[in-house]
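Presented below is the structure to which this report refers.
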Amino acid sequence: MSGMESGLPSVAQVLALPELVAGRPTVVAAPESCARPVRWVHVAELPDIAPLLRGGELILTTGIALPVDDSGLIDWITQLAGVGVVGVVIESVRRFADGLPAALVRAADRLELPLIALERETQFVRVTEAAHALILDLRTQQLEAVQRIHDIFTEHTAHGATPDELVAEVARLADRPAVLETPAHRVIAAAGPAVPSGSAPESLRGGDPLADWVHRSRRIPAVTRTEYVCEQGCLVTPVAAHGQTFGRLVLLDADNAPVLRTILERGAGALAINHLAERADWTAELPTQQALLRRILGPTAVPSGSAPLRRATVDSAEVLARADSLGVPLRGARIVAMVVIATGEVAAAVILAARDAGIAALAGELDAGRALLLVPVDDDPDKRLGVLAAALGQRLRRPIIGVGPEVDGVRDVPASLAEAIDVAAEAARAELADRPYYRLADLRLRGLLRQLRGDAALAGFVDRELGPLLAYDDTHGSDLVGTLKTYLRCGYNKAGAAAAAHRSRPTLYQRLHQIERVLGIDLEDNASRLAVHVAALADDVIHG
């Protein structure tokens, strides 16, 4: 740790002062400990000085009054080490002209306490003056550095810096990688040496300090204040506001230097203010936008079961005027409803994501874990929706986004929303994850079955194809239907199905044969396999 980092000079830095160099100092014990910071330089000739010290002192002595026997010298050096003395300088001119006693040197080495011998007579008063001037100078530099850090983050806060910008500033000031993560170890922002641009976790690969971040982060213990985690070589501090911790800031490849702690803590403070400001924004916006959405959607704002939303009866002129006042241009625009399913404060995330993407949209909460967006689109709706989906991906963990059809005005919005809700629900149920968002066409057969889920003919088809197997499971307490669905989901690959079901292959084969006997079909027959596959998907859609 350098003097600038600690605000104090090291033992080595003090030994480099001209006033000490003139005495020809030689480190005879524990040279590896000369990086310790020196709080004060003290001249001490008394052998029982230890109780009067506070730690951090570099002791200067001529050795005249020290004990005459080895045991006394060992006891003296042990007491000094015990109170936190960081080094001992002995002028070996008057008493120890033939060199410091070997027992004293061995004891200092064992205690990891630097022991320095001066070959020439040295004016200790000049040494203390120079050392204390150095200490005060470094202290002043540290205070100035802390003030600069404070000013930098104050300016960022005043200008509404984003989390990415604040984390980048932490990394720049510390010259080390910095990471802002959620309590679930999701990287929100990252910057610094060897960290690529962009904060998406999947961009952190190779020799990156953030490779395998989740695994590494889980080994960093939870903290309630700034802590140095030696095993991981990092400084970590919580990012909290009003008693709620919503993330933590980690400085990698770090030591416990005070200046690094200051950078980390000021950065965390700015991030907390940023979070509060964002929260204030969305909590202020949400009720207003929610009220307008209720006007657009009418009494059937949230559909249930298979009942579609009715065409809304609204005062279009009033709704359009209110939307204009919120900066959302619905007048004359084609509108798309988006439904977002995720964990966390989803309604907040959709408002902030729309702002991140620079897209004017109305946002609201459907229920816990679901939110909606009404998005005015232009001639290239997919481009706009793609940008918005990417922004949502930065705000939420693995969101599922369903998109309804484009409609010509606010009166037809409920129809778009109904389809978006169905699409999002089915994509979530099928655990789809290959697209940033889904339309009904993207669900293919599942989409059709979703539309037909209330049809009695579809329910009858499921009963004919799977009824005997469902009844067998009820009677025998088995789950052959589950085994069948796993087999179908794995593309009729028996080895893959056995692995997915955590069963041995012989056990899976036996169960597939039992399914064939109960249903009276051959699963190798394409027509039979297709029929039960469609029935299984329909059963998921109807009862999922």
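Computed from the coordinates by the stated procedures, all read-outs in this text should not be read as laboratory data. Note that the structure is predicted; figures quoted are calculated from it, not measured. With ideal geometry, Cβ positions are generated from the backbone for all residues, glycine too; neighbour counts draw on all protein chains shown.
Rounded to the nearest 0.05, what FRET efficiency do residue 380 and residue 172 give with R0 = 56 Å and r taken as the Cβ-Cβ distance? Could you check?
Efficiency computed from Cβ-Cβ geometry: 0.90.
Amide H neighbours of residue 364 under 5 Å, at least 5 residues apart or on other chains, H built in the peptide plane: list them.
Amide H neighbours of residue 364: 372.
Of (1) 1.06; (2) 1.47; (3) 1.00, which is the value of Cα Rg over 2.2 N^0.38 Å derived from the coordinates here?
Recomputing Cα Rg over 2.2 N^0.38 Å here picks out (2).
The range 154-171 to the range 420-478: how many Å between their Cα centroids?
47
By how many nm would the segment from residue 71 to residue 143 grow when fully extended, if each residue of separation counts as 0.36 nm and the alpha-carbon distance is taken off?
Stretched fully, the residue 71-residue 143 segment lengthens by 21.5 nm.
Given R₀ = 22 Å, what would the calculated FRET efficiency be for residue 223 paired with residue 433, taking r from the Cβ atoms and rounding to 0.05?
The pair residue 223/residue 433 has a calculated efficiency of 0.10.
What helices in the chain pass both tests, a Cα length along the helix axis of 20 Å or more and a mean Kyte hydropathy of 0.0 or higher, using whole DSSP H runs?
Span-like helices in the chain: 124-158, 258-297, 413-429, 456-476, 526-543.
Within the range 509-535, name every residue whose backbone N is under 15 Å away from a label modeled 7 Å from Cα of residue 445 along the Cβ vector.
523-535
Which peptide among 228-235, 92-99 comes first, and what is the full order, when sorted by highest mean count of other Cβ atoms within 10 Å?
228-235, 92-99
Mind listing the long-range amide H neighbours of residue 10? Cut-off is under 5 Å, sequence gap 5 or more, other chains count too, H placed in the peptide plane at 1.01 Å from N.
3, 38
Give me the extension gain from residue 215 to residue 295: residue separation times 0.36 nm, minus the current Cα-Cα distance, reported in nm with one decimal.
Full extension from residue 215 to residue 295 adds 24.1 nm.
Considering the Cα positions of the range 9-66, please state its Rg to one decimal place and its Dmax as a whole number of Å.
Cα-based Rg and Dmax for the range 9-66 come out at 11.9, 31 Å.
Enumerate the amide H contacts of residue 29 below 5 Å, restricted to partners 5 or more residues apart or on another chain; note that Pro and chain-start residues carry no placed amide H.
115
Please report, in Å, the Rg and the Dmax of the range 1-110, where both are computed over Cα atoms only.
Rg and Dmax of the range 1-110, Cα atoms, are 13.4, 41 Å.
With a Förster radius of 22 Å, plug the Cβ-Cβ distance of residue 253 and residue 390 into 1/(1 + (r/R0)^6) and report the FRET value to the nearest 0.05.
Given R0 = 22 Å and the Cβ-Cβ separation, E is 0.15.
At most 12 other Cβ atoms within 10 Å and a DSSP loop assignment: could you name the GluC sites (Glu not before Pro) in the range 441-544 that fit?
Within the range 441-544, the qualifying GluC sites (Glu not before Pro) (loop, at most 12 other Cβ atoms within 10 Å) are 524.
Under a point spin-label approximation (7 Å from Cα along Cα-to-Cβ), what is the residue 459-residue 150 distance to one decimal in nm?
With each label placed 7 Å out from Cα toward Cβ, I get 7.1 nm.
At 0.36 nm per residue, minus the direct Cα-Cα distance, what do residue 398 and residue 510 gain on full extension? Give it in nm, one decimal, please.
Gain on stretching residue 398 to residue 510: 36.6 nm.
Which percent, nearest 5, of DSSP beta bridges in the chain are antiparallel?
Among the beta bridges of the chain, antiparallel pairing accounts for roughly 75 percent.
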